[in-house]
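What follows draws every value from the coordinates through simple rules; no lab data is involved. Just so we're clear, the structure is a prediction, and the values are computed from it rather than from any experiment. Cβ sites come from the backbone with ideal geometry, for glycine too, and all protein chains shown count toward neighbours.
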Amino acid sequence: MMNMKRSVMIALAAAALLAGGGTYAYMEYSRGTARADEMPVAQRLSAAELLQAFQNDEQAATKTYVGATEQVVQVSGSIRSMEPVGTDKTNVVLETGDQLAAVVCEFDNKDLPIDWRSGAQVNVKGICTGLLMDVVLVRCVAAQ
Amino acid sequence: MNEDQKNNRTNMTKLKNIALALAFVPSALIAQERFATRNGHIHFFSGTAVENIEADNNKVTSVFDATSGAIEFAALVKAFEFEKALMQEHFNENYMESNTFPKATFKGKVTGLTAEQAKTPGTYAVEVTGDLTIHGVSKPVTTKGSMTVEAGGVIKAKSEFNVKPEDHGIEIPGVVRKNIAETIKVSVDLSYAKM
């Protein structure tokens, strides 16, 4: 009787472990990408400083601001322009003092403050992905 | 700095030099018809019986010279966005090794659209031939596409081609081999504005 009870307990524990492990695995598999405001800010600087860092030493800046894994960079600056990207995203282009290069912040339209206009001074949190002609931040949100 | 990073940096420097040169040359002296975008779109799709994997990158930079047909584009690997975070992490860390090879580039030539046609609204069938560099490995690519010339100096370019990860030295572990297609379908959608 005791042995049977022990077997039932072991079976129940194994089932609970399997269910727990399966649930965790499914949740991990289904996990969406984190928003920039759900992650800690790794670096804070102006748009001009961020561009300058990449222009001075792209490799070092990539290490610092892109990082080995995703990290959030908070940049401040004035809006040079706002450009629609497809139907559901907008690029907020931040002024850097360099006419040929900028910091481009890609927002989902649902995350873009409705009162932002060219010339406005803003703070943006985003995932820095590196330098092409501009420094590119994706999954951006407005910051305080 | 490894060879891939040097090449990427050189490509970006070239793009910027083109832009710089054009900024200071009187427009009357410019014979070339050059177009550029920094919001190009690349989509890739891997379909298997186990799962579908797809991602989008809306930050592709490209320059097209309609006079010579020369075309270049570059994309940041970390700017590819997936629906699932785990897929994005595996893509960057295990397959593309994006910390070592942060950019994918293409450099080649378009045939089928002359400089004169680039001023004339219409849709033109084109062929694109060049070298695609992914994961630090360059491979020749030839594909067909279309370029639609619109009013106001806008050219919309579309193309699709297939990429085999193995061709670019990307190793797929046996345990996930059935999850990832042997041939990845890549779609490119660029909207150029005149420089």
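For this structure, a couple of remarks:
- Under the Debye formula (equal points on every Cα, no solvent term), log10 I(q)/I(0) of region A:36-142 at q = 0.10, 0.14, 0.21 Å⁻¹: -0.23, -0.46, -1.07
- Label sites at A:ASP115 and B:ASP167, each approximated as a point 7 angstrom past Cα along Cα to Cβ, lie 5.3 nm apart.
- Antiparallel bridge percentage (DSSP; both residues within region B:84-195; nearest 5): 100 percent
- Share antiparallel - DSSP beta bridges, chain A, percent rounded to 5: 75 percent
- Residues of region A:60-90 with amide N under 16 Å of the 7 Å Cα→Cβ point at A:ASP108: A:85-90
- Under the Karplus curve 6.51 cos²θ - 1.76 cosθ + 1.60, θ = phi - 60°, whole-Hz ³J(HN,Hα) for region B:154-168, x wherever Gly or Pro sits: 9, 10, 9, 10, 9, 7, 9, 7, 10, 10, 9, x, 4, 4, 10
- Test item: Cα-centred dipole of the protein assembly as shown, Lys/Arg +1 and Asp/Glu -1 on Cβ, debye: 180 debye
- Within the listed set A:ILE114, A:ILE127, A:ILE79, the residue fluctuating most in the Gaussian network model of chain A (springs between alpha-carbon atoms under 10 angstrom) is A:ILE114.
- Antiparallel %, DSSP beta bridges [both residues in region A:92-144], to 5: 70 percent
- Per-residue HN-Hα couplings for region B:44-58 [Karplus 6.51, -1.76, 1.60; θ = phi - 60°; Hz; x = Gly/Pro]: 10, 9, 10, x, 9, 5, 7, 6, 9, 10, 8, 8, 10, 10, 9
- Average beta carbon contacts from partner chains per residue of B:118-130, 10 Å cutoff: 0
- Extending 7 Å from the Cα toward the beta-carbon at both A:MET9 and B:VAL175 defines two label points whose distance is 3.4 nm.
- Peptides B:61-74, B:119-132, ordered by how many other C-beta atoms sit within 10 Å of their residues on average, highest first, read B:61-74, B:119-132.
- Among A:ASN123, A:ASN91, A:ASN109: highest mean-square fluctuation, GNM of chain A, C-alpha pairs under 10 Å: A:ASN109
- Exposure proxy ranking, count of Cβ atoms within 10 Å, fewest first, for A:ARG31, A:ARG80: A:ARG31, A:ARG80
- Based on C-alpha pairs under 8 angstrom that are at least 6 apart in sequence, chain A has a relative contact order of 23 percent.
- Order of B:PHE44, B:PHE80 under a 10 Å beta carbon neighbour criterion, fewest first: B:PHE44, B:PHE80
- Cysteines in chain A lacking any other cysteine Cβ under 4.7 Å from their own Cβ: A:CYS128.
- For the protein assembly as shown, the equivalent ellipsoid built from the Cα gyration tensor has semi-axes of 40, 26, 18 Å, listed from largest to smallest.
- Whole-Hz ³J(HN,Hα) from phi, Karplus 6.51 cos²θ - 1.76 cosθ + 1.60, for region B:33-39, glycine and proline x: 9, 10, 10, 8, 8, 10, 10
- Candidate lysines - alpha carbon under 17 Å from B:LYS185, same-chain residues fewer than 8 apart omitted: B:LYS139, B:LYS144, B:LYS158, B:LYS164
- Difference of contour (0.36 nm per residue) and Cα-Cα distance, B:VAL137 to B:GLU116: 4.0 nm
- For residues of B:69-77, the mean tally of beta carbons on other chains within 10 Å: 2
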